[in-house]
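Engineer: Would you mind keeping the following structure in view while I ask a few things?
The values are calculated or read from the model by the stated rules, or taken from the named source; none is laboratory data. Here the structure is a predicted model, which means the values were calculated and not measured. Using ideal geometry, Cβ is built from the backbone for each residue, glycine included, and neighbour counts are taken over all protein chains shown. Only protein heavy atoms, including side chains, enter the accessible area calculation; ligands, DNA and RNA are left aside. Shrake-Rupley method; radii C 1.70, N 1.55, O 1.52, S 1.80 Å.
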Amino acid sequence: MTQSHWLASASTQAESFDRLFLGLSIFSGLIILLVAALLIGFSIRFRSGSKATRHNVPGLHRREIEIGWIAATAFAALFIFWWATSLNLQFQEPPDGSIEIHVTAKQWMWKASHENGARELGTLHVPVGQPVKLYLESQDVIHSFFVPAFRLKQDVVPGRTIIAWFKATEPGTYELLCAEYCGTGHSRMRGEVVVMTPDDFARWLGDQSEGSTLVAAGRDLFTSVGCSGCHAPASAVHAPDLNGLYGREVPLADGRTITADAAYLRDSILLPRRDVVAGYEPIMPDFAKLLDEDEVEALVAYIRSLGDNDQ
Ligand code: CUA
């Protein structure tokens with residue numbers, strides 16, 4: 001069963017767990033049918049006014065019957081236990097030679113970094129047909145890494161590194177969700193897993209020079225942490241436009257002039273009230289507590305790239 005019509009099935013786990021689910025459904029369905037048939041049959045046979053005998057019900061306490069049904073149900077329960085547990089154990093231990101990816105969860109985004117240092121935000125690129133081992137970490141609260149198409153759902157707990165793995169079977173783009181309530185942005189904490197052919201993946205990974213990844217991460221952050229709310233050119237709030245800012249001389253409110261270099265951008269994000277641009281109110285909130293080092297670096301890289309485009 002590679003494809004069920006309501007939910008894509010795109011990993012080896014998905015196939016195994018779907019088979020287990022189908023097995024359990026058939027087994028429970030048969031029991032429901034048996035009980036329902038007996039219920040209906042007896043209701044008709046022993047309806048009020050029927051001539052069926054109501055005494056001397058034969059043989060229900062015969063020893064063989066007792067032993068027979070207890071043994072049969074015990075065997076069925078053990079079989080199901082063995083089936084489910086062996087699958088669980090099998091998908092606990094990542095196979096040797098897995099690709100390793102570090103995934104960090106934080107309110108409210110997924111960050112991934114690859115073995116060659118490439119990083120991505122909100123998206124996870126992986127090759128098809130190769131086991132992928134994830135090191136899951138949380139920077140704040142409990143999140144849960146959930147890819148429905150892979151039937152993979154793993155809690156991510158702060159202070160621990162949790163290992164999970166999967167092997168994608170079908171190239172495509174699949175939803176990545178957070179499945180543990182983690183604050184007001186929980187429902188927005190989603191992303192994508194992009195499954196590529198091994199060649200495409202190798203090419204993609206090779207193309208991820210550190211700079212371009214940082215810029216892309218910065219661009220995403222610019223929207224997700226709210227910079228674009230005030231700094232977008234069309235914004236209603238009066239805040240400096242950042243296009244072409246990098247490298248320019250900026251007049252400050254206290255009469256000094258400063259060059260908009262990386263250090264200035266960095267300070268302006270972390271301590272926005274220190275060097276206020278002439279003609280603007282000091283209304284920007286401090287981001288020092290909201291952003292970590294990587295994120296500030298990414299934002300600065302993005303704002304730098306805005307400068308390059310415009311000159
Ligand atoms: Cu992260 Cu819910």
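Engineer: Residue check: is T223 free of Cβ contacts under 8 Å to residues at least 12 places away in the same chain and of a type in the set (V, I, T)?
Structural biologist: In short, yes.
Engineer: So if I check each of T73, T104, T85, T53, which one is in a loop (DSSP other than H, G, I, E, B) and among the hydroxyl-bearing types (S, T, Y)?
Structural biologist: From the options T73, T104, T85, T53, the qualifying one is T53.
Engineer: Which of the residues belonging to region 101-131 are within 14 Å of the ligand (Cβ to nearest atom), among the polar types (S, T, N, Q) and open to solvent by 50 Å² or more (accessible area, probe 1.4 Å)?
Structural biologist: Q107
Engineer: Within region 132-141, is even one residue near the ligand (Cβ under 9 Å from one of its atoms), in a loop (DSSP other than H, G, I, E, B) and either hydrophobic (A, V, I, L, M, F, W, C) or open to solvent by less than 20 Å² (accessible area, probe 1.4 Å) (or both)?
Structural biologist: Yes, some residue in region 132-141 is near the ligand (Cβ under 9 Å from one of its atoms), in a loop (DSSP other than H, G, I, E, B) and either hydrophobic (A, V, I, L, M, F, W, C) or open to solvent by less than 20 Å² (accessible area, probe 1.4 Å) (or both).
Engineer: What do you reckon, is L176 buried (at least 18 other Cβ atoms within 10 Å of the Cβ) and either more than 11 Å from the chain's Cα centre (by Cα) or within 14 Å of the ligand (Cβ to nearest atom) (or both)?
Structural biologist: Considered against the rule, which asks whether it is buried (at least 18 other Cβ atoms within 10 Å of the Cβ) and either more than 11 Å from the chain's Cα centre (by Cα) or within 14 Å of the ligand (Cβ to nearest atom) (or both), L176 comes out as yes.
Engineer: Continuing with the same structure: If you take the residues of region 241-293 that are among the polar types (S, T, N, Q) and within 29 Å of M109 (Cβ to Cβ), which of them is most open to solvent (accessible area, probe 1.4 Å)?
Structural biologist: Checked region 241-293; the qualifying residue most open to solvent (accessible area, probe 1.4 Å) is N243.
Engineer: Just for region 179-199: of the residues that are assigned to a helix (DSSP H, G or I) and without any contact (Cβ under 8 Å) to a residue 60 or more places away in the chain, which one is farthest from the ligand (Cβ to nearest atom)?
Structural biologist: D199
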